[in-house]
Amino acid sequence: MNAVGSSTGDEREEVIFFNDRETGLRGITVLDDAGLGSCVGACRSRPYVDEEKALADALRQTRSTTAKALIAGLPIAGGCTVLLSDSPIGSRAAAPMPALGRAVEMLGGRYFLMPDLQGDLRDMDEAATGTAHVLGRQWDVTLDACEATALGLRYGIECAVRQKLGRENLMGVRIGIAGLGDVGFRLAELLRQEGAKLTVADRDPRRTERAVRALGISCVATEEIIHLDTDVLAPTAAKDALNDGMISHLRCKIFAGAVDDPLQSRAQGQALHDRGILYAPDTVINAGGLISLVQPLITGEVTAAPLDDQLRAIADRMASVIDRAEKEALPTAIIAERLAEEALADRLHSLRALAS
């Protein structure tokens, strides 16, 4: 295993290129060296042909994970691993996960690998054969990351509905879910239990058929769901996140950040704000999986009751973001950025005080 470190425009971040000689596995790991604790990040589920795009996505995901951790009060920093598709393995599905584990082990405990919720959660068990620095193995979790993510989203959506629509529960609230993977389907189950009126979409017809059959809900084509007149729209698949052309077509009242980085720019957050659409920032409501995965790292154990309390606290943070956005007449996306910046400043100040 070879590794070469390089710097980026942000002096906090470290970039490591790795190449496993035995398998030909190549990739990039980014660590956020913010002095916040161990770095935690996922390996993205699809390989990249373009190395520059791979690095850009890894940097963006690293910063997003750090922001989630800061807002949630978790003593960790973000990280991310991406694989390059020109290695001989040909596809992510065939990637030798033990080799990825060896790449993580090479970092000496500074980085813990967690599952990509868009990928195969069993990968962590295989990666653990190459390193002990893995979170989310099937045998050491009480509540899996997809379920925790879905629960956090439910609490965040309930809060947004209450604040924006004045509704005390989800009974009859019209919600569109774009993407029915592990998180999307579980979110649909939870919202259906609360009486929400759901419409779903997924590019895989087998997933929509499963949801219609199991939950008795409506489905539309993926291209149609952004045009629906809904109270809430929740994209749970990365490829269904917003682009500039979609915003003018949205007819929802609340756009829930149910997937990492659903907005491609700060301008999109402003555009949603200008249209009167409440954006529930992903760094606030989409932190449930991260919270559940890092709990053993922080406490040394996993217990269901404290975890549920932490997930419910997502609603309190969402309410604070909305209240502050209204008070300062700013988009919620900007408020979430400021909360992360303020939390980072506070954390670093506390660390300096302890060191002096």
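Just the residues that are open to solvent by less than 60 Å² (accessible area, probe 1.4 Å), assigned to a helix (DSSP H, G or I) and not aliphatic (A, V, I, L, M), please, taken from the range 171-186.
Correct list: Gly184, Phe185, Arg186.
Against the definition (open to solvent by 10 Å² or more (accessible area, probe 1.4 Å) and at pLDDT 95 or above), how does Ile89 come out, yes or no? Outline the logic, then answer.
Details: open to solvent by 10 Å² or more (accessible area, probe 1.4 Å): yes; at pLDDT 95 or above: no.
Answer is no for this residue.
Of the residues Val30, Val4, only one is over 21 Å from Ala237 (Cβ atoms), at pLDDT 85 or above and either part of a loop (DSSP other than H, G, I, E, B) or not small (Gly, Ala, Ser) (or both); which? Step through it out loud before you land on a result.
Values: Val4 fails: at pLDDT 85 or above.
From the options Val30, Val4, the qualifying one is Val30.
Is it true that Ala333 is among the aliphatic types (A, V, I, L, M) and surrounded by fewer than 18 Cβ atoms within 10 Å (Cβ to Cβ)?
Spelling it out, it is not the case that Ala333 is among the aliphatic types (A, V, I, L, M) and surrounded by fewer than 18 Cβ atoms within 10 Å (Cβ to Cβ).
Show the residue pairs meeting these rules: Cβ distance below 6 Å; 6+ apart or different chains; first residue within the range 143-170 and at negative phi and in a helix (DSSP H, G or I); second residue of a type in the set (S, T, N, Q) and crowded, with 22+ Cβ neighbours inside 10 Å.
Ala145/Ser292; Ala148/Ser292
Among the residues of the range 15-46, count how many are buried (at least 19 other Cβ atoms within 10 Å of the Cβ), within 21 Å of the chain's Cα centre (by Cα) and more than 25 Å from Gly288 (Cα to Cα).
Number satisfying all stated conditions: 2.
Can you tell me which residue in the range 183-222 is nearest to Ile285 (Cα to Cα), limited to those that are polar (S, T, N, Q) and under 23 Å from the mean Cα position of the chain (by Cα)?
My answer is Thr199.
Pick out the one residue from Arg203, Arg251, Arg213 that is over 29 Å from Thr65 (Cβ atoms), touching a residue at least 12 places away in the same chain (Cβ under 8 Å) and of a type in the set (D, E, K, R).
Of Arg203, Arg251, Arg213, the one residue that is over 29 Å from Thr65 (Cβ atoms), touching a residue at least 12 places away in the same chain (Cβ under 8 Å) and of a type in the set (D, E, K, R) is Arg251.
So, in the range 47-72, of the ones that are more than 19 Å from Thr149 (Cβ to Cβ) and small (Gly, Ala, Ser), which residue ends up most open to solvent (accessible area, probe 1.4 Å)?
In this case the residue turns out to be Ala56.
If you scan the range 279-297, which residues turn out to be closer than 18 Å to Leu339 by Cα, assigned to a helix (DSSP H, G or I) and of a type in the set (Ser, Thr, Tyr)?
Thr283, the sole residue that qualifies.
When you go through Val284, Val321 one by one, which is the residue that is modelled with pLDDT of 90 or more and closer than 19 Å to Thr62 by Cβ?
Testing whether each residue is modelled with pLDDT of 90 or more and closer than 19 Å to Thr62 by Cβ leaves just Val284.
Using the structure shown, decide if Arg167 is at pLDDT 95 or above, open to solvent by 40 Å² or more (accessible area, probe 1.4 Å), under 21 Å from Ile285 (Cα atoms) and of a type outside the set (Asp, Glu).
On the way: at pLDDT 95 or above: yes; open to solvent by 40 Å² or more (accessible area, probe 1.4 Å): yes; under 21 Å from Ile285 (Cα atoms): yes; of a type outside the set (Asp, Glu): yes.
It is true that Arg167 is at pLDDT 95 or above, open to solvent by 40 Å² or more (accessible area, probe 1.4 Å), under 21 Å from Ile285 (Cα atoms) and of a type outside the set (Asp, Glu).
Does Thr66 meet the test of being part of a helix (DSSP H, G or I), of a type in the set (S, T, N, Q) and under 15 Å from Arg110 (Cβ atoms)?
When the stated conditions are applied, Thr66 passes them.
The values are calculated or read from the model by the stated rules, or taken from the named source; none is laboratory data. Remember, it's a predicted structure, so these values are computed and weren't measured experimentally. Heads up, the Cβs are rebuilt from the backbone with ideal geometry, glycines too, and the neighbour counts pull from every protein chain shown. With ligands, DNA and RNA removed, areas are computed over all heavy atoms of the protein, side chains included. Shrake-Rupley method; radii C 1.70, N 1.55, O 1.52, S 1.80 Å.
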